[in-house]
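Working notes for the structure below.
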Amino acid sequence: MRKDKISSMIVALLILLLPINVFAANQSQVVGLDKNVKAYIIGNEENGDIYYEKNSTTPYPMASLSKLMTYLIVKEKIDEGELSLDQEVTVDKEAAKFHSWKYSYLGLDEGEVYTIEELLQGLMVVSGNDCAYQLAVSVSDSESEFARLMNMKAGELGLDSQVYYNASGVQTESGNQNSSSAMDLFVLSKYIIEKYPEVLEYSKVRKIEDKRRDINVESTIPLVGEIPGVNGLKTGSTEEAGYCLVSTVDMKEIDSKDDFRTIGVVLGADQKDTRNKAMSDLIYYVSRYYDKLRVLDTNVSYDSLKVNTAKQGYVELYPNQNVDLVVKTGENPAVKTKLQQDIKAPIKSGQVLGNANVTYEDKEYDVSLISKSDIDQASLFARTLRSFEDAADFLLKVLIARWDHL
């Protein structure tokens with residue numbers, strides 16, 4: 001048996017054997033998360049469904065999670081042709097000052113030359129505040145002007161809770177700090193991943209090492225390699241913000257049946273371990289209490305319809321599109337069908353013969369039911385025989401009903 005299969009089986013077994021104090025029995029509260037964490041949220045990366053949250057719309061300081069917006073602005077400027085990944089920039093004095101700060105930095109020295117791509121890597125992998133500043137002044141005349149672009153983009157995306165004062169998320173000299181709700185960080189992360197999926201590549205870089213520049217810095221992105229499927233995204237911490245984290249997860253790495261991705265956000269944890277534990281609990285909560293179901297499958301007949309005029313006497317009905325939903329464990333979407341009447345052969349492949357309406361919570365899908373093949377008309381003898389059989393069945397039912405009434 002392959003090692004990856006063995007690992008998946010072990011993880012699945014561990015989930016089943018998790019102590020009951022990790023998850024609440026009523027599946028409505030994750031025990032332990034509410035203590036020493038200000039806000040959190042976890043939801044579906046593709047459709048935005050939210051599975052669990054606390055204080056998710058309240059703004060809090062977000063520290064280096066601000067760098068997600070910095071990354072987005074720089075990437076869009078590259079798309080617009082104002083920058084390029086291989087463009088070289090010279091480190092200025094202000095960027096080099098971050099060496100003396102207690103917060104994270106890559107190690108830029110004044111006068112050194114870096115490419116935009118190298119600065120983006122330093123921004124995302126090691127949360128370099130020096131990289132954030134240098135990228136900001138490479139895009140705009142000043143960091144304050146870059147912050148204006150960040151606020152404009154937040155407004156454009158409807159992230160009303162977000163306020164930016166700088167590109168890094170450190171507290172300004174006047175005491176201001178970038179802030180956001182967990183919900184808006186979820187939406188921002190979802191937007192970035194959809195537009196620039198390559199952002200997830202940064203989590204694969206576990207260390208930036210450049211002997212020529214005397215740089216050897218470990219990645220700040222936690223849980224990668226510790227929890228199956230975690231492949232991003234960004235950390236943040238200051239004294240005021242506490243410990244913050246955005247994690248992206250491919251849930252099928254935990255359970256092969258859960259073929260969907262999630263984004264989790266934790267804000268204001270009192271310690272790094274608290275932050276990581278909270279995110280871990282959120283991830284395993286979703287894995288345990290949510291399943292992905294294929295409600296309708298284009299390759300599986302959902303219903304059949306008796307058609308006397310058809311060669312085989314019936315036609316199999318197939319949905320013309322797949323319907324996949326992530327549902328709470330033990331729940332099933334409602335499916336109602338409405339089939340056409342008086343259908344006569346011959347029937348063409350793809351011909352619509354009915355409709356299936358799928359509903360679950362606030363979601364609704366209308367799917368056509370079709371024949372997947374051409375169906376010839378039955379012979380005159382077969383059609384006549386079936387008509388007699390139907391008449392005989394009807395007469396028998398009437399007689400039985402009258403007998404029971406007597």
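The values are calculated or read from the model by the stated rules, or taken from the named source; none is laboratory data. What you are looking at is a predicted structure, and each value in this text was computed from that prediction instead of being measured. Note: ideal-geometry Cβ built from the backbone for every residue, glycine included; neighbour counts use all protein chains shown. To get the accessible areas, we keep the full protein, side chains included, count just its heavy atoms, and leave off ligands, DNA and RNA. Shrake-Rupley method; radii C 1.70, N 1.55, O 1.52, S 1.80 Å.
Considering only the stretch 47-63, state which residues are over 12 Å from residue 182 (Cβ atoms), within 21 Å of the chain's Cα centre (by Cα) and outside any strand (DSSP E or B).
Across the stretch 47-63, the qualifying residues are 47, 48, 49.
Would you confirm whether any residue within the stretch 380-391 is in a loop (DSSP other than H, G, I, E, B) and either small (Gly, Ala, Ser) or modelled with pLDDT of 90 or more (or both)?
First, the residues of the stretch 380-391 that are in a loop (DSSP other than H, G, I, E, B): none.
No - not one qualifying residue is present in the stretch 380-391.
For the stretch 199-208, which positions are open to solvent by less than 30 Å² (accessible area, probe 1.4 Å) and either under 19 Å from residue 103 (Cα atoms) or part of a strand (DSSP E or B) (or both)? Before you say what the answer is, go through the steps one by one.
Looking only at the stretch 199-208, we keep the residues that are open to solvent by less than 30 Å² (accessible area, probe 1.4 Å), and these are 199-200, 203, 208.
Within the stretch 199-208, just 208 meets the criteria.
Among (1) aliphatic (A, V, I, L, M); (2) touching a residue at least 60 places away in the same chain (Cβ under 8 Å); (3) surrounded by fewer than 19 Cβ atoms within 10 Å (Cβ to Cβ), there is one condition residue 282 misses while meeting the rest; what is its number?
(3)
Residue pairs, Cβ under 9 Å, 6 or more apart or interchain, first in the stretch 52-73 and on the phi > 0 side of the Ramachandran plot, second in a helix (DSSP H, G or I) and buried (at least 24 other Cβ atoms within 10 Å of the Cβ). List them.
55/182
May I ask you to list the residues in the stretch 108-132 that are touching an Asp or Glu at 6+ places or on another chain (Cβ under 7 Å), open to solvent by 10 Å² or more (accessible area, probe 1.4 Å) and not in a helix (DSSP H, G or I)?
Selection gives 110, 113, 115.
Tell me, please, whether a residue that is outside any loop (DSSP other than H, G, I, E, B) and either touching a Lys or Arg at 6+ places or on another chain (Cβ under 9 Å) or open to solvent by less than 30 Å² (accessible area, probe 1.4 Å) (or both) can be found in the stretch 335-345.
no
State the number of residues belonging to the stretch 68-82 that are buried (at least 16 other Cβ atoms within 10 Å of the Cβ) and not in a helix (DSSP H, G or I).
Residues that pass the stated criteria total 0.
Take the stretch 136-168 and flag every residue that is over 23 Å from residue 241 (Cα atoms) and in contact with a strand residue (DSSP E or B) (Cβ under 9 Å, 6 or more places away or on another chain).
Of everything in the stretch 136-168, those that are over 23 Å from residue 241 (Cα atoms) and in contact with a strand residue (DSSP E or B) (Cβ under 9 Å, 6 or more places away or on another chain) turn out to be 137, 138.
In the stretch 166-176, what residues are surrounded by fewer than 21 Cβ atoms within 10 Å (Cβ to Cβ) and not charged (D, E, K, R)?
Within the stretch 166-176, 171, 172, 174, 175, 176 meet the criteria.
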